[in-house]
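Accompanying notes for the structure given below.
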Amino acid sequence: MKKRFMSIMAAAAFFVAGCGKGGGGETAQPSQERGEQVLKFGCFDYVDSIDPGNMINAAWNCTRFGVGECLFRFNDAMEAEPYLCDSYEVSPDHKTWTFHIRDGVKFSNGEDVTPQKVADCYERLYACEGSSTPEKFMDYASMKADDAKGNLTVKTDTAYPDLTKNLAYPVFAVLDVDHTKNFDEGAIGTGPYAVTEFEAAVGVEFKANQYYWNGEVPFDGMELKFINDSSAKTMALQGGQVDLVENITEVSDLNTLKEDGNFDVTIAGGVRCGFTNMNFNGVLKNDALRQAVLMAVDTDTLCNVTLGGLYTPGFSVLPSNLNYHYDSLENPYAYNVEKAKKLLDAAGIVDTDGDGIRELDKTPVNLNYVTYDNRSLSTLAEGVQHLLKEIGVETTIHTTDGDTLWNLTVSGEYDLSSGNWTTVGTGDPQEYLANWYSGGTANYCNYKNEKYDELYEKLLVELDDKERIHLITEMQQILIDDAAVLVHGYYNSSMCASKKIKGAVIHTADYYWITTEIRPA
């Protein structure tokens, strides 16, 4: 309660005093005193950056906050539609892509968006030393800008089934490289809002982009406050310190807002999977131990009772609402505590000293579980910790921030690592499934299965949609059979807004939060 009280007091202080310094600006005059119509947004602090070249979460911040836009944009069917690009052509071998950049688009500083500007942005992205790994989405051989014709031509050594989906991913947000001094705090994009002040871990101030190309910007600006505690977000909304918050994860708070006529609550099933990665470079390389962990976790109760339906339970890495034959998959490790205990006994993972904790190779099994307070992941981790204790497996939970968790995951400093990821981030699960491909750079769980690798490599070059679905279905079953990952279920996102605004909806693609759809009521 003290943490929540301090968080809400910080939120209140923020909106009275403004963001303060950050991004190179002077202390801002409160928007209320300026007589402006300003959207006030309460948001989890995913990472202290909006630079797509820094890391994936930073790229998402850039597009979620209405700063950056891409050549293409996903609709709610996860189809990529032209956006900053208004037309394109592709060669028969799918290795030469020519994109026509939309005329009349400007950055928020008034500079024209040209093919050369897009090329400069992409080249800077690939030169960054962050963890965004743009080559996972587009490994290009050459890139040529023709400003006279308005074309950007990209040639690749690999055939891409549909490169437009990859270029709709937030990593490829188009920014003005020449005039951006600090990409982490003040990236200059084409979106409806432009950063004026940035203070890490506190908040961000924005002004309306006066050069916005795609219609009226409904607010004069936006004040974003980072609020990491879910109940503090609810209190800030109820108290009028914010007009809009994302992802209330306390079931009681969500129900309270639903029942209150002063607020609109929208909840939608999306394409996110909540899971816990298991590190194959540690004690969990033991097959029996991983299998027992899966059988010890009552996913249905965690999702439907503990979290009140914020997750839809499931056992595969791809959500059951996608067209990848979830109903045909078989789960050999369904919840069964007694079976889990017998499996461990047969594998010689037993409690020899009577302290209630089993030993493997004479060492007590104590799993290092890293998680963070977002989308109920820490609550899920606590539930897993309780359930694993019933089979004699101990866990030590380390709750941290999203940035630190990512770094720990990348460096392999974990046994169990919480995740809540978009599964079809490019309209297709190929990039997501690379997390278990041993030949790539994204396999932070150190999993290896030769058959899975073979199928993944076929997926990389397969252009036929039906065959791709077949490959993806088979790959899912391999991960299930290998007990490669502990899947909790599929996340249902939420937006909660004051009646003072309208148009706050949940898009299937989790990249578009602050849009021109959100406007004063």
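Tabulated data
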quantity: Euclidean distance of C-alpha centroids, the range 451-512 and the range 339-368, integer Å; calculated: 34 Å
quantity: Greater than 23 Å apart at Cα, pairs in K117/K165; K40/K207; K144/K181; calculated: K144/K181
quantity: Sites Q37 and D178, calculated FRET efficiency, Cβ-Cβ separation with R0 25 Å, nearest 0.05; calculated: 0.20
quantity: Distance in nm between pseudo-label sites at T96 and R124 (7 Å out along the Cβ direction from Cα); calculated: 3.0 nm
quantity: Distance from the range 192-237 to the range 286-308 (C-alpha centre basis), Å; calculated: 38 Å
quantity: Size of electric dipole in the chain: Cβ of Lys, Arg +1 and of Asp, Glu -1, about Cα centre, debye, nearest 20; calculated: 820 debye
quantity: Length-normalised contact order for the range 354-496 - Cα pairs under 8 Å, 6+ apart - percent; calculated: 17 percent
quantity: Set of lysines with alpha-carbon distance to K341 below 25 Å, sequence-local pairs under 8 removed; calculated: K285, K362, K389
quantity: Mean separation of Cα contacts under 8 Å, 6 or more apart, over the residue count of the chain: relative contact order %; calculated: 20 percent
quantity: Candidates per GluC sites (Glu not before Pro) in the range 301-364, loop by DSSP, up to 11 other Cβ within 10 Å; calculated: E330
quantity: Shape call, the range 314-413: gyration tensor on alpha carbons, a/c limit 1.5; calculated: oblate
quantity: Rounded to the nearest 20 debye, dipole of the range 60-203 from Cβ charges on Lys, Arg, Asp, Glu; calculated: 160 debye
quantity: Packing-based ranking, highest mean first, of 377-390, 481-494 given that Cβ atoms within 10 Å are counted; calculated: 481-494, 377-390
quantity: Added length on full extension, which subtracts the Cα-Cα distance from 0.36 nm per residue, D481 to N321; calculated: 55.5 nm
quantity: Rel. contact order, % - alpha carbon contacts under 8 angstrom, at least six apart, the range 103-234; calculated: 23 percent
quantity: Sites E359 and A159, calculated FRET efficiency, Cβ-Cβ separation with R0 45 Å, nearest 0.05; calculated: 0.30
quantity: Principal-axis tilt of helix 287-296 within the chain, Cα atoms, nearest 10 degrees; calculated: 80 degrees
quantity: 37 °C / 0.692 mPa s Stokes-Einstein diffusion coefficient of the chain, Kirkwood radius on C-alpha pairs, µm²/s; calculated: 136 µm²/s
quantity: Cut-off 14 Å (backbone N to label point 7 Å along Cα→Cβ of E390), residues of the range 294-337; calculated: 294-303, 305-306, 334-337
quantity: Theoretical FRET efficiency, 1/(1+(r/R0)^6), r = Cβ-Cβ of E338 and I397, R0 22 Å, to 0.05; calculated: 0.30
quantity: Where only alpha carbons of the range 91-177 are counted, the Rg and the Dmax (Å); calculated: 12.9, 39
quantity: Total formal charge among the other residues, if their Cβ is under 11 angstrom from that of W513, Lys/Arg +1 and Asp/Glu -1; calculated: -2
quantity: Reference-scaled alpha-carbon Rg (2.2 N^0.38 Å with N residues) for the range 432-492; calculated: 1.13
quantity: Shape call, the range 175-214: gyration tensor on alpha carbons, a/c limit 1.5; calculated: oblate
quantity: Hz values of 3J(HN,Hα) by residue in the range 338-346 - Karplus curve (6.51, -1.76, 1.60), Gly and Pro given as x; calculated: 5, 5, 5, 5, 5, 4, 5, 4, 5
quantity: Global geometry of the range 139-294, whether rounded, prolate or oblate, following the gyration tensor of its Cα atoms and the 1.5 cut on a/c; calculated: oblate
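Here, each number is a calculation from the coordinates, and none is a lab measurement. Fair warning: this is a prediction, and the values are worked out from it, not measured in the lab. Backbone-built Cβ (ideal geometry, glycine too); neighbour counts: all protein chains shown.
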